[in-house]
Each structure stands twice: as structure tokens, then as C-alpha cells.
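Input: a single structure, listed below in C-alpha cells.
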């Protein structure tokens, strides 16, 4: 006796009304984006000036500024507590996290 002979066939072909459960939505990771790159920085690239929050694939920052020509710092998650962080971006992310928590 094989395992396949005792298991019920639950393939979508046999049961078209059954659907696979939806995968959970991936968590959004807000990365640091900035219009300027720090000159003569040793090590990883670093932003210079105000740092904004951006999502991969988005053309706008969390505060709504267009960022199509800005530098993206994949290795730096956005941290709204830093002094160089954009205040409107930090407030928008705080608002989104409160909304997700509710």
C-alpha cells in the first residue's frame, strides 16, 4: 500500500471551488533615500543632508516628494529618530504603524 492510494485527491483540478490560502502580505521595509551622497565618505555609501523614507519600486518618499533621481541606501533602513531624518516622513511612518496596529 502506498501513501498516494490512501490520501484523498484535493488538487484544484478535482475541486475547482477550493483555492490555496493567500500568502500573507510581505512587510514593508522603508529604506533611506536622499537627494545627495556624502562626498569622500570611507566605507559604505552614506546620505548627505536630510534623509527620507522610501519603498522599493515607489517614485515618492513617505512625505510625498518625488525621488526618481535620488540615491537609494539599501543597507540603511529609515530611522525616524535620527536628527537628519525627515520629520514628515517619520510622522507618516508612525501614522501607518498605528493604523496597522489597530
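A short reminder: the numbers here are calculations on the coordinates, not readings from a lab. Just so you know, these numbers come straight off a predicted model, no measurement behind them. Please note: Cβ atoms are built from the backbone with ideal geometry, for glycine as well, and neighbour counts cover all protein chains shown.
For the condition touching a strand residue (DSSP E or B) at 6+ places or on another chain (Cβ under 9 Å) and touching a residue at least 60 places away in the same chain (Cβ under 8 Å), residue 37 does not qualify. Close Cβ contacts (under 9 Å, 6 or more residues apart or on different chains) running from residues in region 60-87 that are at positive phi to residues that are surrounded by fewer than 17 Cβ atoms within 10 Å (Cβ to Cβ) and not in a strand (DSSP E or B) comprise 64/88.
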